[in-house]
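Undergrad: This structure is in structure tokens; I'll ask about it shortly.
The values are calculated or read from the model by the stated rules, or taken from the named source; none is laboratory data. Keep in mind that what you see is a predicted model, and the values were worked out from it rather than measured. Heads up, the Cβs are rebuilt from the backbone with ideal geometry, glycines too, and the neighbour counts pull from every protein chain shown. Just the protein is used for accessible areas: all its heavy atoms, side chains included, with ligands, DNA and RNA removed. Shrake-Rupley method; radii C 1.70, N 1.55, O 1.52, S 1.80 Å.
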Amino acid sequence: MKATLKILHVSAVKNWGGGENQIELLCEEFKNNHPEVENLILCVGKGLFHKKLKNTSLNFKTASLSFNFDLRYSLKIGRICKKEQIDLIHIHDPKALSLVVLADKFYNLPAMVFSKKTSFPIKNRKQTLFKYHYPKLKRIFCVSERTKTITAETLKNQSRLKTIYHGLNLEKQKNIAAKIDLREKLGLAKDVILVANIGNHIPAKNLATFIKTAEKTLQQREKLKFHFVQIGQFSSETPGLLKQLKTNNLDTDISFLGFIENASTVIPQLDYLLLTSNSEGVPNVIYEAFYHKVPVIATNVGGIPEIVTHMENGLLADAFDAEKLAEHILFLEKNQELIPRFTENAHKKVVENFTTKKMAKQTLQEYKNVLYGRY
């Protein structure tokens, strides 16, 4: 058995989100506690992930990616594998999978594993199925059991599917410090209830329902004072959302703050975390809210119900059900004695079950299973 396993992590995502955060956390965990693993990250040059990695001690390289099948990116993958004698490629998004498969046409690449971080089904079309059935792709790590079930519906060889939940670095969470004070930034008094959503502006986050939930909460608030905050990278979705705010005269009650670096550091300042997604793997922000004992109100989509148990450590509603989500916010405000029980249960669950130590240990075991022929 080799003394050192050399792993190349490939990301073709230009933005920064939960998936990129988990690459960073996984590699940090390996570096700190598994010296037998040597990690190298390949990311898109000049993207947000690249910018973030510059502030870490992790080993990384960059490549240009101007369009989906940019050959420069694929050739860089091949050159790195050859020069660094990479043992295994860990692919972190569908675009990266396409680029790695393309690279294998020019270089004889090593075995591959892929992290499936969403609960979107794999499209039943020839080109897509080809890359997911690629012979060198030995494992698909699913972020939740729901993701695994949905993925299994399309793929032939389901024995490759392994559920590995993402995790939280507990030591990091103990020492986080926010650079901004949300109440101060927004000019909010201490008696204003702060409800926030953290997520980039992509269709799956269903931020239109976040706005509707805020509107319905404000309509029924009686004497309570609320302010709703959304933090996340703007996109082509954003103008429509801002128009929705203006049309419904919600500009003063809802603040869209855009991308904030290390946004999760503001979680301890919140009264509630509100997630209105219509599709999810498992959002990292839930783990963070659980750790910091901030009540979570979310939709029961994807892997969320595997983490949030209704009336035990949070509250759940169906996707698109703004009425029920608003009811949940007002219910907790009127039954605040439930909050300590919810948040204690949540904190205990994340500390015992969803840590980077556990994620790294399971991931390393699967690396070894692939490399040493254990199936």
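Undergrad: Starting with the highest mean, order 244-251, 258-265 by the number of other Cβ atoms within 10 Å, averaged over the residues of each peptide.
TA: Result, highest mean Cβ count within 10 Å first: 258-265, 244-251.
Undergrad: At what distance in angstrom do the alpha carbon centres of segment 289-331 and segment 345-375 lie from each other?
TA: Using only Cα atoms to place each centre, the spacing works out to 25 Å.
Undergrad: Relative to the present Cα-Cα distance, how much length would full extension add between K83 and L338 at 0.36 nm per residue of separation?
TA: Contour length minus the Cα-Cα distance gives 86.1 nm.
Undergrad: Any chance you could run the full-extension gain for R72 through A177? It's 0.36 nm times the residue separation minus the Cα-Cα distance, nm to one decimal.
TA: Working: separation 105, 0.36 × 105 = 37.80 nm, distance 3.89 nm.
Between R72 and A177, full extension yields an extra 33.9 nm.
Undergrad: At 1.4 Å probe size, with every protein chain present, just tell me what the per residue accessible area of the chain comes to in Å². Please list the in-between numbers first.
TA: Values: 16840 Å² over 375 residues.
Per-residue accessible area for the chain comes out at 45 Å².
Undergrad: Then there is this: Across segment 41-47, in residue order, what do the Karplus-derived ³J(HN,Hα) couplings come to in whole Hz, using 6.51 cos²θ - 1.76 cosθ + 1.60 with θ = phi - 60° and x for Gly and Pro?
TA: 9, 10, 10, 6, x, 6, x
Undergrad: Something else: Please compute the contact order of the chain in relative form: average sequence separation of alpha-carbon pairs under 8 Å and at least six residues apart, divided by the residue count, as a percent.
TA: On the way: 668 pairs, mean separation 56.5, N = 375.
Reported relative contact order: 15 percent.
Undergrad: Send over the per residue convex hull volume for segment 239-337, Cα only, as a whole number of Å³.
TA: Values: hull volume 12.4 nm³, N = 99.
So the per-residue hull volume is 125 Å³.
Undergrad: Please report how far the C-alpha centroid of segment 23-51 lies from that of segment 114-164, rounded to the nearest whole angstrom.
TA: 23 Å
Undergrad: Can I ask one more? Under a point spin-label approximation (7 Å from Cα along Cα-to-Cβ), what is the D191-D318 distance to one decimal in nm?
TA: 3.8 nm
Undergrad: How much of the accessible area of the chain, in percent, comes from carbon and sulfur atoms when a 1.4 Å probe is used?
TA: Working: 8440 of 16840 Å².
Percent of accessible area from carbon and sulfur atoms in the chain: 50.
Undergrad: Then there is this: Given 20 °C and 1.002 mPa s, compute D for segment 73-217 with the Stokes-Einstein relation, Rh being the Kirkwood radius over Cα pairs; round to the nearest whole µm²/s. Mind dumping the intermediate values first?
TA: Working: Rh = 18.8 Å.
Value of D from the Cα-based Kirkwood radius: 114 µm²/s.
Undergrad: Now a separate question. Quick one: if the Förster radius is 22 Å, what FRET efficiency do N369 and T154 give, using the C-beta to C-beta distance and rounding to 0.05? All intermediate terms of the calculation are to be shown ahead of the outcome.
TA: On the way: r = 23 Å, r/R0 = 1.04.
E(calc), rounded to 0.05, equals 0.45.
Undergrad: I'd like the Karplus ³J(HN,Hα) series for segment 147-156: coefficients 6.51, -1.76, 1.60, θ = phi - 60°, whole numbers in Hz, and an x wherever there's a Gly or Pro.
TA: 4, 4, 5, 5, 5, 5, 5, 9, 9, 6
Undergrad: Past 31 Å, Cα to Cα: identify those pairs from K174/K216; K31/K185; K14/K179; K205/K358; K46/K117; K51/K358, in the order given.
TA: Details: K174/K216 35 Å; K31/K185 37 Å; K14/K179 24 Å; K205/K358 27 Å; K46/K117 23 Å; K51/K358 27 Å.
Long pairs (Cα-Cα over 31 Å): K174/K216; K31/K185.
Undergrad: Where q = 0.12, 0.16, 0.21 Å⁻¹, what log10 of I(q)/I(0) comes from the Debye formula for segment 3-133, counting one point per Cα?
TA: After summing over all Cα pairs, the log10 values are -0.43, -0.78, -1.35.
Undergrad: Still on this structure, I have one more. Would you mind listing how long the chain runs along its three principal axes, going by Cα atoms, in whole Å with the largest first?
TA: 67, 40, 40
Undergrad: Where both residues lie in the chain, what percent of DSSP beta bridges are antiparallel, nearest 5? Please list the in-between numbers first.
TA: Numbers: 0 of 46 bridges.
Of those bridges, close to 0 percent are antiparallel.
Undergrad: In addition: Under the rule of at least 5 residues apart or a separate chain, name every residue whose amide H is placed under 5 Å from the amide H of G302.
TA: Correct list: E280.
Undergrad: With all protein chains present, calculate the accessible area of K95 using a 1.4 Å probe and round the result to the nearest 10 Å².
TA: Surface accessible to solvent at K95 totals approximately 70 Å².
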